[in-house]
DNA sequence: AGCACGCCGACT
DNA sequence: GTCGGCGTGCTC
């Protein structure tokens with residue numbers, strides 16, 4: 001057992017395999033699969049993951065190098081996760097290294113540094129010598145920046161004067177804290193005190209403290225509590241009366257102790273009904289996928305909590321996934337409240353260090369439940385008893401970069417391994433999931449009623465075209481304005497929802513219609529009022545807002561579109577007495593500000609909560625009786641076959657924010673296409689009707705769930721070249737896939753140009769193409785060289801969510 | 001990816 | 001004759 005099979009940290013097709021390394025004697029017995037190691041690779045030193053430890057290599061023993069050192073004391077990837085990574089790489093056409101990296105927190109990613117070390121004290125007489133500044137090493141980066149001569153460098157290496165040293169580091173850091181405790185019991189301390197000089201007042205106070213509180217205390221806290229300093233504690237430690245120990249502590253982003261503990265709530269009949277099959281599956285250690293279709297406010301979370309409780313009782317662990325956007329303090333508190341310190345929380349608002357700590361709690365089995373966004377599906381638990389995906393229809397479950405996985409697929413794969421259930425919960429399931437449930441592939445569990453039997457809010461659809469005809473040019477219909485005023489008068493609260501997508505704030509000249517576009521990408525620049533600049537969403541190009549139109553010199557150049565800022569101004573103008581809280585990316589960027597704004601709203605410090613996507617989910621304020629949707633159909637016109645589905649989901653989701661408690665709710669939806677079925681059926685809360693209607697269309701136009709999709713996007717700085725390659729790829733696909741597969745394209749991508757690269761795409765619609773992955777892999781291999789040297793980029797997305 | 005090797009044109 | 005440009009191929 002002295003050979004390790006290692007996947008190295010080089011994401012390229014040619015290195016996407018294992019390399020054999022000898023395990024040096026000093027590491028025998030301490031090295032396990034799933035550990036990170038540092039290995040020599042060509043002239044470099046890089047990080048790699050040990051996949052397997054065996055006792056033989058097919059290679060010439062002379063060619064096999066030795067592992068340099070270990071980066072971990074315990075494996076960071078379990079055997080299950082290593083296997084999952086291998087499967088996922090094949091499933092998403094990614095490199096092994098990319099899938100393994102995706103499973104671990106950022107802090108464990110290796111960083112590389114190159115240094116020039118001098119081997120002799122004697123100076124060499126050229127410019128290179130000066131760069132050392134008398135030190136014995138020089139950072140390579142510095143050498144490059146100061147335009148060092150590569151020739152001199154090479155010469156010096158040849159002459160044996162210097163050598164290149166490669167450093168491999170990992171970014172993880174541990175937060176440490178010093179604990180103080182007494183070395184003696186209360187009686188012994190009494191003796192020490194009596195022997196002390198009466199002048200040593202502070203010292204005595206400290207010892208008295210430990211007589212009463214024998215448990216260890218953080219040094220900093222002790223100093224603060226007793227108004228003393230390090231200087232008084234130190235001698236006591238030296239005398240052996242007190243002892244000091246350095247312990248690793250976790251950064252704690254949530255103050256656990258402030259969260260009120262809760263116990264299981266009594267269940268309503270419909271909750272009891274759905275719990276039964278879930279509990280059965282848990283008890284019989286079976287794998288099954290449940291689709292929990294429950295309207296907003298039907299009590300899905302309580303079902304999750306009690307299912308988890310059952311899992312914990314069996315000594316197993318639970319993974320709960322929620323969309324990033326709804327990972328609000330309210331949500332987190334519900335889990336912390338029920339399971340206390342058994343919960344780890346993982347999401348992007350945490351710092352790298354905090355996320356690493358949460359991950360380590362899981363790795364060390366110090367917690368039993370993880371609540372997190374997409375990547376938490378890779379939690380290194382070894383005894384998973386349930387996986388819950390809340391709001392399963394959310395698009396954020398699909399990773400849009402390599403590896404392009406869907407969380408649902410990974411969840412089901414892991415649940416199969418662990419023989420445990422998966423619960424997909426949603427008020428508006430994806431057509432894919434609902435269709436599978438109807439076919440019996442998933443088990444459908446329905447919760448059609450709201451808790452406390454509160455009625456779903458009444459929904460009014462307002463046709464904005466009529467408003468325009470009636471001479472109302474504001475963004476608020478007369479009805480919405482009236483309703484808002486009424487709520488404010490009644491001291492009730494209002495949530496206003498603005499869907500920003502498709503309505504970004506572009507700049508247009510009112511005289512000639514000229515729109516300012518990004519010079520590198522094919523989209524309009526977005527206006528940022530803060531510093532009067534125009535920014536590109538895709539390449540972060542930036543320019544100053546021009547005082548007049550670049551085309552016709554007219555000064556009537558204005559920003560268009562409806563941003564939350566603009567809506568806020570409009571409300572103030574229309575209803576001056578309204579107190580408004582605005583929630584968008586700008587106002588919630590700072591850590592904790594999200595929470596703070598919601599608290600303010602919860603305390604009725606404002607009448608109106610105005611926001612984008614992020615307020616559509618999970619908010620639960622009893623005093624909200626009106627929800628206004630300002631532009632319901634802005635999503636409908638995106639080039640996306642899921643546009644109707646997304647609109648339906650969003651409207652349903654938003655409507656659920658109103659009237660959750662005693663007070664009845666009302667929803668006003670403003671739209672330019674009131675007759676569209678997704679708007680109309682959402683207003684009637686008719687999921688089934690929407691499902692049937694949409695399924696019919698999907699069937700006609702051959703989209704999921706009737707067909708699978710593969711989207712191939714080719715981009716290249718040369719437009720013709722991009723088109724040509726896309727055409728070749730479609731022809732190859734036509735040739736090698738079955739006749740039943742439909743290959744569309746090449747067509748220009750909806751975003752024709754990003755960062756000066758032209759984009760074309762090709763789409764495959766198919767039902768069953770077992771050869772497809774292999775064909776695509778061959779296509780990638782065929783273009784490998786061009787991908788490396790030229791600027792060719794080929795993106796392959798199996799089951800894409802975003803068609804852009 | 002990065003790095004060495006090697007082949008070619010442009011220059012002291 | 002030599003320097004440095006980049007295309008080619010390899011990394012246990």
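All of the numbers you see were taken from the coordinates with simple rules; none came from a lab. For clarity, every value in this text was computed on a predicted model and none was experimentally measured. Cβ placement follows ideal geometry from the backbone for every residue including glycine, while neighbour counts extend to all protein chains displayed.
Taking the simple approach of a point 7 Å from Cα along Cα-to-Cβ for both residue A:127 and residue A:273, what is their distance in nm? Each label point is offset 7 Å from its Cα along the Cβ direction, giving 8.1 nm. Once the Cβ-Cβ distance of residue A:706 and residue A:60 is raised to the sixth power relative to R0 = 41 Å, the FRET efficiency obtained is 0.15.
The Cα-based radius of gyration and maximum Cα-Cα distance (Dmax) for chain A are 31.0, 97 Å. With a Förster radius of 51 Å applied to the beta-carbon distance between residue A:747 and residue A:246, the computed FRET efficiency rounds to 0.25.
From the square roots a ≥ b ≥ c of the eigenvalues of the alpha-carbon gyration tensor of the stretch A:290-396, which class results: rounded (a/c under 1.5), prolate (a/b over b/c), or oblate? Taking the square roots of the gyration eigenvalues as a ≥ b ≥ c, the stretch A:290-396 is oblate. Here the gap between residue A:165 and residue A:569, fully extended at 0.36 nm per residue and compared with their Cα-Cα distance, gives a gain of 139.5 nm. The calculated FRET efficiency for residue A:78 paired with residue A:469, based on their beta-carbon distance and R0 = 56 Å, is about 0.30. Gain on full extension, evaluated as 0.36 nm per residue between residue A:227 and residue A:558 minus their Cα-Cα distance, stands at 113.1 nm.
The DSSP beta bridges internal to the stretch A:259-451 are antiparallel in roughly 5% of cases. Derived value for the stretch A:356-480: Kirkwood hydrodynamic radius 18.3 Å. Basis is the mean of 1/r over every pair of different alpha-carbon atoms. Taking every DSSP bridge with both residues inside chain A, close to 60 percent are antiparallel.
Stretching residue A:239 away from residue A:144 to a fully extended chain increases their span by 28.8 nm, per 0.36 nm per residue minus the current alpha-carbon distance. Could you tell me which of rounded, prolate or oblate describes the stretch A:65-149, using a ≥ b ≥ c as the square roots of the eigenvalues of the alpha-carbon gyration tensor, with rounded for a/c under 1.5 and, failing that, prolate when a/b is larger than b/c and oblate otherwise? Prolate, because a/c is 1.5 or more and a/b exceeds b/c. With the convex hull of its Cα atoms as the shape, the stretch A:708-797 has an orientation-averaged projected area of 5.3 nm².
Remark: C-alpha extents of the stretch A:112-168 on the principal axes read 29, 21, 21 Å, sorted largest to smallest. Find the centroid of the Cα atoms in the stretch A:432-502 and in the stretch A:580-631, then give the distance between the two in whole Å. A separation of 16 Å, based on Cα centres. Which of rounded, prolate, oblate describes the stretch A:259-451, given a ≥ b ≥ c as roots of the alpha-carbon gyration tensor eigenvalues and a/c under 1.5 marking rounded, otherwise prolate only if a/b is larger than b/c? Rounded is the answer for the stretch A:259-451, as its axis ratio a/c remains below 1.5.
As a rough guide to protection, the peptides A:336-349, A:277-290 ranked by mean Cβ packing within 10 Å, highest first, stand as A:336-349, A:277-290.
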